[in-house]
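One structure below.
Please treat every number below as a calculation from the coordinates, not as lab data. Everything quoted here is computed from the prediction, not taken from an experiment. Every residue, glycine as well, gets a Cβ built from its backbone with ideal geometry; the counts of neighbours run over all protein chains shown.
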Amino acid sequence: MKKVYPDASAALAGLLRDGMMIMAGGFGLCGIPETLIKAIRDSGVRDLTIISNNAGIDGIGLGMLLDSKQIKKMISSYVGENKTFAQQYLAGELEIEFNPQGTLAERIRAGGAGIPAFFTRTGAGTLIGEGKEEREFDGQGYIMERGLVADLSIVHAWMGDSEGNLVYRKTARNFNPMMATAGKVTVAEVEHLVTPGDLNPDHIVTPGIFVQRIVHVAAAVKHIEQRTTRKRTEAPAGTGEEI
Amino acid sequence: MAWTREQMAARAAQELRDGFYVNLGIGIPTLVSNYIPDGISVQLQSENGMLGFGPFPYEGEEDPDLINAGKQTVTEIPTTSYFSSADSFAMIRGGHIDLSILGAMQVAENGDLANWTIPGKMVKGMGGAMDLVAGVKKVVVVMEHIAKTEPKLLRRCTLPLTGARVVDMVITDLGVFTIDKRGRSGMTLIEVAADVTLDEIRSKTQASYKIAQNLAQAAPVIPTAAAE
């Protein structure tokens, strides 16, 4: 069975339909499967429910699918960087389901592992817990959250081989490994496509069993959302603006 | 004189202990990393999947694959490790992080915290805040004592909660309070910024609180090398 496809459109051929649910890896603009997102935009598929920690920024990442109004609903933990998102949400064109970031990560991990639900303290006693089953364990209140499985997962990796084994780079790993496990079909874009045996088996993070299709994106453009630097003469300093 | 943002950060840094694993929120909490006391080694956790991170990179050395939870470019240090978001929140939700320092819009005398949404205004999302306050061993809030003229330390929060009974300590520009979030001792004022009076604090605080018998009044020492 051949998993390697010549380009992103070919890798998604036959998988896309209106109204489907798609998981997209990445944190901010770091580790997003941008080439696959572009191919989804170009396919014209509509009414998508997208599960992703963030919603890109205007015109970049999932922002592309917001601009083209292909998204019906987002399941995310934070969407504060996207003006188009705000406009469409306030106009009632877009639904949002906020999940605490750890709950989102665990729902995806659970979905991929065949776990239909779990209990967590996160969100107990808040709006997030309303309407959810509550249980007490060892004197603490917990709420039940459901596992998530998507029709399709799209992920970005640093290296992959033709078997679909994946290795990620630095903080571009984030949600990608869990999402790879939680798609009925998972398509991975990789910056370096290698032959089996080139990756050290001890270093593989996502085993190929979770990846059905793979595409090489040699010239992936990566974006920096907050470019923060220090001068060579300066002592280390952190800053940060309040949101 | 009320404390400046830097002095509040320096006071929060006094809660660090050698060997702590710490998560710092955006805003004043980020400044805490500039005031880590001498002789204390801590590892900073970033919830996007990094433990142990260094300062901002030199110009020209920014790496799009290497960012913190505020999406800012950062650097590796010798102790750095990378992991998935699920592992990251296993650290946070599993009680492996010793200290979380974060900002707030409101804190109640029972330890309730509100910092993620204002109904009727645009909602950005809670990110990792609900997980941090539910899972981290000690939660310290650093915030301005009032918002314009509105008190932020309240009997009960009026905004939707980020967590119920989760805050252990509040550091404002006027002083420091502890909260007995699991017990019944409520909120206690333990420290006052230099030249701030108890009357001023009382007039700007809606929450009820006790005053510690050994109440301290002093500005924290700011390490000169780190002062801006």
(Q) I'd like the per residue volume of the convex hull spanned by the Cα atoms of chain B, given in cubic angstrom. (A) 141
Q: Within 10 Å of each residue's Cβ, count the other Cβ atoms and sort A:D198, B:D180, A:D161 from fewest upward.
A: A:D198, B:D180, A:D161
Q. If you count, for every residue in A:221-228, the Cβ atoms of partner chains within 10 Å of its Cβ, what is the mean?
A. 6
Q.
From the C-alpha coordinates alone, can you work out the Kirkwood hydrodynamic radius of the range A:99-203, in Å?
A. 15.4
Q: Write out the GluC sites (Glu not before Pro) in the range A:88-183 meeting two conditions: DSSP loop, and at most 12 other Cβ atoms within 10 Å of their Cβ.
A: A:E93, A:E130, A:E133
Q) What per residue convex hull volume, in Å³, do the alpha-carbon atoms of the range B:10-81 yield? A) 96
**Q.** Contact order normalised by residue count of chain A, Cα under 8 Å, 6+ apart, percent
**A.** 21
Q: Taking a cut-off of 18 Å between Cα atoms, list the aspartates and glutamates near A:K72, but don't count ones fewer than 8 places away on the same chain.
A: A:D18, A:D42, A:D47, A:D58, A:E93, A:E95, A:E97, A:D151
Q) If you average the sequence gap of Cα pairs under 8 Å that are 6 or more apart and divide by the length of the range A:21-126, what percent do you get for the contact order? A) 21
Q: Report, in debye and to the nearest 20, how large the dipole of the protein assembly as shown comes out about its Cα centre when Lys and Arg carry +1 and Asp and Glu carry -1 on their Cβ.
A: 900
Q.
Could you check the spin-label model distance between A:A220 and A:D42? Points 7 Å from the Cα along Cα→Cβ, value in nm.
A. 1.8
Q. Which value in Å does the Kirkwood hydrodynamic radius of chain A take, with 1/r averaged over all unlike C-alpha pairs and then inverted?
A. 18.9
Q. Can you list the trypsin sites (Lys or Arg not before Pro) in the range A:191-235 that are in a DSSP coil and have 11 or fewer other beta carbons within 10 angstrom?
A. A:K231, A:R232
Q | For chain B, built as a Gaussian network whose Cα springs stay under 10 Å, the top-fluctuating residue of B:G135, B:G163, B:G120 | A | B:G120
Q: Note down, for the protein assembly as shown, the three equivalent ellipsoid semi-axes (square root of 5 times each alpha carbon gyration tensor eigenvalue), biggest first, whole angstrom.
A: 40, 25, 20
Q) Hey, what did chain B get for relative contact order, percent, Cα under 8 Å, at least 6 apart? A) 20
(Q) Once you place label points 7 Å from the Cα toward the Cβ at A:K184 and B:R182, how far apart are they in nm? (A) 4.6
Q) Among residues other than A:S76 whose Cβ falls under 13 Å from its Cβ, what is the net charge (Lys/Arg +1, Asp/Glu -1)? A) 0
Q. Which FRET efficiency value, to the nearest 0.05, is calculated for B:L198 and B:K121 with the Förster distance at 51 angstrom and r the Cβ-Cβ distance?
A. 0.90
Q | DSSP beta bridges in the range B:5-220 [antiparallel fraction, %, rounded to 5] | A | 50
Q | About the Cα centre, charge dipole magnitude for chain A (Lys/Arg +1, Asp/Glu -1 at Cβ), debye | A | 420
Q) Picking from B:A193, B:A90, B:A104, which is most flexible by a Gaussian network model of chain B using Cα springs under 10 Å? A) B:A90
**Q.** In nm, spacing of pseudo-spin labels at A:V194 and A:D58 (7 Å Cα→C-beta vector)
**A.** 4.1
